[in-house]
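Have a look at the structure below, then the notes.
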Amino acid sequence: MNDMAKPAGSPNAAVESVPRFGSDSMAQMLRALDIPFIALTPGASFRGLHDSLVNYLGNERPELLLCIHEENAVALAHGYARVTGKPLAVALHANVGLMHATMAIFNAWCDRIPMLLLGGVGPMDAQARRPWVDWIHTSSDMAALIRDYTKWDDQPASVAASLESILRGYRMTTTAPQAPVFVCLDAGLQEQPLANAPPLPSLERYPPPRVVDPPPSAVAEIAAALAGAAAPLLLIGRVANDAGSFARRVELAERVGARVITDLKTAAGFPVPHPLHPHPAGIYIASEAAPMIRDADVIVSLDWVDLAGSLRAACNGALPAARIVHCSMDAYLHRGWSKDYQALAPAEITLHADPDRLVAALVAALPEAPRVRPATPAAVTAPAAPPAASAAAPAAAPGDERLPIADMARIVSTALGAHRPSYVRLPLGWPGDCCRFAEPLDFIGFDGGGGIGSGPGMTVGAALALRGSGRLPVAVLGDGDYLMGVTALWTAVHYRIPLLIVVSNNQSFFNDEIHQERMARLRGRPVENKWVGLRMDDPAIDLAQLARGQGARGYGPVRDANALRAALEEAVRDVGQGAVGVIDVRVAPEYARSVSSSLVKHLPHQDPSGAIEDAANPTSGGKP
Ligand SMILES: Cc1ncc(C[n+]2csc(CCOP(=O)(O)OP(=O)(O)O)c2C)c(N)n1
Ligand SMILES: [Mg+2]
């Protein structure tokens, strides 16, 4: 950490050199693994480890990142790994801290994110327990709370076994398919004095496993299928963020003339402005992109999230005619409790392999000269820059103006375009023409598990990873998401992590207004009641003030285009100088039609056909 970023009061490094307690050795193991940060909300069940990190390692590598809520601590690690592909550690207090963290762990699990979760527990020796509190904060199988959505867990019974567990957990979480792991450290072992510390396992003797390449026979078969295809299609899902892998995907698409679809559940994996990527990414398959699936003769899924659901949605419930290749290691994580593995995907060729290794192997196997590209689809002729915001604001009472969400999106995209924005999060309803991601990290992905409240924490983690990169970390968050995780801002301010949050503030958990409207329509009940129990008004919450209260800069509420432009200009300048900025933008409660219809069509029993068109959304009718 550089001095500018270091808050006052940080202890000096390397206070002692010989481990004297169990947790000194555990901390040393974390440093050996080169884990840069450990996010935490404090708790006595890991007071031994906490002391070792501060007073034995000197609060460096790993450095403590204090979070106000465990959910934010885990979300921070999630955002960090989204950018770097690398795990952070998170320390979680016995029973209650882990309970607070569960939703964020579920999000990270669904998103296949590496992270090393360290719990405190006990002392497991009941004779050593303090009255009351050590008993309510001890459980006999703490990991049971999260076992169904972690890759592995352990509760080692000696200091030496704890070191082995931490190492094993680290290797497992960083091995594909990645997911969080949990090592629960007995408070008694952490605080155990050591006459002779057990030796740290040597990392050279326990290296990470070699990555397995896809079998050459399968590569040859897929390459031949692609080369002979008239209308090949690539579905790019969970893939790596590095520039080389990104460029190889472009190379592959160009060599075989394959069209490409990306989505907003995963990070930017292909340049959206490319002629072979004709339609903007969405959370669901957009109606314009669906014919590409129906018309394809070979489809290659690179770990596409919910392959079966996407294919069915595009084909009105049927399966596409294409021959399908599905390259994913995800099946190794599938369990019974959570159904996040989605419907069973049809695929003539299924490969349990790293999708980027498959792309590299295919590029090597295919002829170099690009094939004649298919005619440029009409949608590609859309302008490179997002269209200007509409001049006319919707009719509203004086003093209660609100921007259409599409206008907010276009103003934000235009204002930030020159500042190398890295979008950490975009809300439902963000128009496709504002998602023209051209490079890795232009967009970082979604939350994995659909758990609201992760936005602020993930943004802080991503911004930490991007600090010093020259990129502007930006998240456009719903007001509900912002409010649930708002105390993550303090962590960003405290550790000098610049970032910009734009709150798409419709003063509502608006997503559910669409559902309530749908229910009312289907049941012939008053649609005008759809907002009851969902609107956050009377009093309106001052979102900018909540930012200022934590030492961040707060702007707004802004209600019109000019005020938004002015706030963005000021915020970009402030964030460039190291600030955490939050702009409260009052937006009209509406989503783009395609998003609204995607949401309602997934209500059970109402649209068995999975048809993409939907008429029942007058709120957004007529809007793009
Ligand atoms: C923890 C959690 N609680 C409830 C939900 C259900 N839910 C899905 S979207 C949503 C509304 C989110 O509100 P906001 O962030 O303001 O976005 P908006 O829909 O208003 O654009 C809710 C409550 C959820 N996904 N996660
Ligand atoms: Mg909202």
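The values are calculated or read from the model by the stated rules, or taken from the named source; none is laboratory data. Computed from a prediction, not measured in an experiment: that's the story for all the values here. All Cβ positions, even for glycine, are placed from backbone atoms using ideal geometry, and neighbour counts span all protein chains on display. Ligands, DNA and RNA are stripped out before the accessible areas are found, and what is left, the full protein with its side chains, is counted by its heavy atoms. Shrake-Rupley method; radii C 1.70, N 1.55, O 1.52, S 1.80 Å.
Using mean Cβ contacts within 10 Å as the protection proxy, how do 145-155, 254-264 order, highest first? Please report the intermediate quantities before stating the final value.
Working: 145-155: 19.0, 254-264: 23.1.
Top of the packing list down: 254-264, 145-155.
Under the rule of at least 5 residues apart or a separate chain, name every residue whose amide H is placed under 5 Å from the amide H of residue 301.
235, 325, 326, 327
Measure nothing but the geometry: give the 0 to 90° angle between the long axis through the Cα atoms of 355-365 and the longest principal axis through the Cα atoms of the chain, rounded to 10°.
Rounded to the nearest ten degrees, it is 60.
Between residue 130 and residue 542, take the C-beta separation as r, use R0 = 45 Å, and let me know the FRET efficiency to the nearest 0.05. The partial results should precede the final answer.
Working: r = 42 Å, r/R0 = 0.94.
Efficiency, from the Cβ-Cβ distance: 0.60.
What's the magnitude of the charge dipole for region 23-126 around its Cα centre, counting Lys and Arg as +1 and Asp and Glu as -1 at the beta-carbon? Answer in Debye, nearest 20. Could the numbers behind the result be given before it?
Values: 6 positive and 9 negative charges, 52 e Å.
For this selection, approximately 260 debye.
Please give the residues of region 90-109, grouped as numeric ranges, whose backbone N is less than 14 Å from a label point set 7 Å along the Cα-to-Cβ vector of residue 494.
Those under the cut-off are 91.
Please report the relative contact order for the chain, taking Cα pairs under 8 Å with a sequence separation of at least 6, and give it as a percent rounded to a whole number.
So the answer I get is 14 percent.
Just need the relative contact order of region 197-348 here, percent rounded to a whole number, with Cα pairs under 8 Å and 6+ apart. List each step's numbers first, then the result.
Numbers: 222 pairs, mean separation 31.9, N = 152.
In percent, rounded to a whole number, it is 21.
Using the Karplus curve 6.51 cos²θ - 1.76 cosθ + 1.60 with θ = phi - 60°, work out ³J(HN,Hα) for each residue of region 202-214 in order, rounded to whole Hz, and write x for Gly and Pro.
6, 5, 5, 7, 10, x, x, x, 5, 6, 8, 7, x
Give me the accessible area per residue for region 500-557, probe 1.4 Å, as a whole number in Å². It would help to have the intermediate numbers written out before the result.
On the way: 2980 Å² over 58 residues.
Per residue, region 500-557 has an accessible area of 51 Å².
Could you tell me which residue out of 139, 480, 223 lies farthest along the dipole of the chain toward its positive end? Charges go on the beta carbon: Lys and Arg +1, Asp and Glu -1, centred on the Cα centre.
Positive-most Cα among the choices belongs to 223.
Between residue 519 and residue 247, how high is the FRET efficiency from 1/(1 + (r/R0)^6) when r is the Cβ-Cβ distance and R₀ = 60 Å? Nearest 0.05.
Values: r = 47 Å, r/R0 = 0.79.
Efficiency at R0 = 60 Å is approximately 0.80.
Which order do peptides 76-86, 323-333, 203-213 fall in by mean Cβ count within 10 Å, highest first? Mind dumping the intermediate values first?
Details: 76-86: 25.6, 323-333: 20.3, 203-213: 10.1.
Taking the mean over residues of other Cβ atoms within 10 Å, the ranking is 76-86, 323-333, 203-213.
With each run of n ≥ 4 DSSP H residues scored as -39500 (n - 2.57), what mean residue ellipticity at 222 nm is computed for the chain after dividing by its residue count and rounding to the nearest 500 deg cm²/dmol? Don't skip to the answer; put the middle values down first.
Working: 20 runs with 201 residues, N = 624.
Using -39500 (n - 2.57) per qualifying helix, the result is -9500 deg cm²/dmol.
Long-range amide H contacts for residue 353: which residues qualify at under 5 Å (H placed 1.01 Å from N, peptide plane, sequence gap of 5 or more or a different chain)?
Here the answer is 328, 329, since their amide H atoms fall under 5 Å of that of residue 353.
Calculated FRET efficiency, residue 31 and residue 348, Cβ-Cβ r, R0 41 Å, to nearest 0.05? Can you show the working numbers first?
Values: r = 48 Å, r/R0 = 1.17.
Between residue 31 and residue 348 the formula returns 0.30.
For the chain, find the longest principal axis of its Cα atoms and tell me its angle to the long axis of helix 70-84, 0 to 90°, nearest 10.
Here the helix axis deviates by roughly 70 degrees.
Which whole-angstrom value gives the distance between the alpha carbon centres of region 266-330 and region 80-136?
First find each Cα centre; the distance between them is then 36 Å.
Output the peptides 515-524, 405-414 sorted from most to least packed, where packing is the average of other Cβ atoms within 10 Å over each peptide's residues. Don't skip to the end; give the middle numbers.
On the way: 515-524: 14.9, 405-414: 24.7.
In descending order of packing, they fall as 405-414, 515-524.
Rounded to the nearest 20 debye, what is the charge dipole size of the chain about its Cα centre when +1 sits on each Lys and Arg Cβ and -1 on each Asp and Glu Cβ? Can you show the working numbers first?
Values: 53 positive and 62 negative charges, 116 e Å.
Computed charge dipole of the chain: roughly 560 debye.
Over region 37-121, what relative contact order in percent results from Cα pairs under 8 Å that are six or more residues apart? Show your work: numbers first, answer last.
Details: 152 pairs, mean separation 32.3, N = 85.
Across region 37-121, relative contact order equals 38 percent.
Can you bin region 432-472 into rounded, prolate or oblate? Criterion: square roots of the alpha carbon gyration tensor eigenvalues sorted a ≥ b ≥ c, rounded for a/c under 1.5, prolate for a/b above b/c, oblate for the rest. Let's see the in-between values first.
Details: a/c = 2.54, a/b = 1.12, b/c = 2.27.
It comes out oblate by the Cα gyration axes.
Considering only DSSP beta bridges with both partners in the chain, what is the antiparallel share in %, to the nearest 5? Before the final figure, lay out the partial values.
On the way: 2 of 62 bridges.
If I count the DSSP bridges inside the chain, around 5 percent turn out antiparallel.
How far apart, in nm, are two points set 7 Å out from the Cα along the Cα-to-Cβ line at residue 158 and at residue 569?
Computed distance between label sites residue 158 and residue 569 equals 6.8 nm.
When the Karplus curve 6.51 cos²θ - 1.76 cosθ + 1.60 is applied with θ = phi - 60°, which whole-Hz ³J(HN,Hα) does each residue of region 217-234 get, with x for Gly and Pro?
Calculated HN-Hα couplings, in order: 5, 5, 4, 4, 5, 5, 4, 5, 5, 5, 5, x, 7, 8, 9, x, 9, 9 Hz.
Report residue 572's accessible area, 1.4 Å probe, all protein chains in place, as a number in Å² to the nearest 10.
Residue 572 exposes around 20 Å² with every protein chain in place.
Putting +1 on Lys and Arg Cβ atoms and -1 on Asp and Glu Cβ atoms, find which of 121, 195, 445 reaches farthest to the positive end of the dipole of the chain.
Result: 445, furthest along the dipole toward the positive end.
Which ³J(HN,Hα) values, rounded to whole Hz and listed in residue order, are derived for region 273-287 from phi using the Karplus coefficients 6.51, -1.76 and 1.60 in 6.51 cos²θ - 1.76 cosθ + 1.60 with θ = phi - 60°, glycine and proline given as x?
Here the 3J(HN,Hα) series is x, 5, x, 7, 10, x, 10, x, 5, x, 6, 10, 5, 6, 4 Hz.
Charges only on Cβ, +1 for Lys and Arg, -1 for Asp and Glu: so what's the dipole of region 131-224 about the Cα centre, in debye to the nearest 20?
Values: 6 positive and 11 negative charges, 53 e Å.
Magnitude of the dipole: close to 260 debye.
Set Lys and Arg Cβ to +1 and Asp and Glu Cβ to -1, take the dipole of region 63-185 about its Cα centre, and tell me which of 69, 106, 158 lies farthest positive.
106
Nearest 10 degrees, 0 to 90: what angle lies between the long axis of helix 561-576 and the longest principal axis of the chain (Cα atoms)?
The two axes meet at around 30 degrees.
Tally Lys/Arg at +1 and Asp/Glu at -1 over every other residue whose Cβ is under 12 Å from the Cβ of residue 445; what's the total? If you can, show how the numbers build up before the last one.
Details: positive: 82, 112, 238, 265, 425; negative: 111, 263, 442, 447.
Its environment carries a net charge of +1.
Which shape class applies to the chain: rounded if a/c is under 1.5, otherwise prolate when a/b exceeds b/c and oblate if not, where a ≥ b ≥ c are the square roots of the Cα gyration tensor eigenvalues? Don't skip to the answer; put the middle values down first.
Numbers: a/c = 1.75, a/b = 1.27, b/c = 1.37.
Taking the square roots of the gyration eigenvalues as a ≥ b ≥ c, the chain is oblate.
Taking H as built 1.01 Å from N, whose amide H comes closer than 5 Å to the amide H of residue 38, not counting residues under 5 places away?
For residue 38, the qualifying residues are 63, 64, 65.
Is region 513-574 rounded, prolate or oblate when judged by the Cα gyration tensor, a ≥ b ≥ c being the square roots of its eigenvalues, rounded requiring a/c under 1.5 and prolate requiring a/b larger than b/c? Could you put the intermediate results ahead of the total?
Working: a/c = 4.02, a/b = 2.44, b/c = 1.65.
Note, shape of region 513-574 comes out prolate.
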